[in-house]
């Protein structure tokens, strides 16, 4: 007889591990950004997102995750082989982290094993978890500021 406790403990361990990895990535990004700060008075055409805006959850990956993990739970409840349950859960987690979506005004800088691989966006794109990571989301919206004619001279 399979223990439901083991199944839910495995899911909880996977979720905790993913949260720890995300926190480690954020800490690494903050450490890398510790260099000289850009001049705040200068406005550029494209700006970089802050670390608090790094979480980009899109509905496509959420639906894929829910479908596969839901299938894993249903296969467990139907008492199908545990291998199928684990396989469905792993596929759901893998595809949930693989599919990313950049908004119309965004681009994503993709690193593969720490080296620049590509700049993707806007739209859907697929990453290989653990191998690829989004290093930075770039906001390309134009920001205007008001200034007087005297300041332009």
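What follows is calculated from the coordinates using simple rules that are stated; it is not laboratory data. The structure presented is a predicted model; accordingly, all values stated were derived computationally and were not measured. Cβ: placed from backbone, ideal geometry, glycine included. Neighbour counts: every protein chain shown.
Go ahead and collect, in residue order, the members of region 81-119 whose backbone nitrogen is under 16 Å from a label point 7 Å along the Cα-Cβ direction of residue 140.
Zone members listed by number: 101-110, 118-119.
Could you sort 76-83, 125-132 so that the peptide with the highest average Cβ count within 10 Å comes first and the rest follow in order?
Numbers: 76-83: 11.9, 125-132: 14.4.
In descending order of packing, they fall as 125-132, 76-83.
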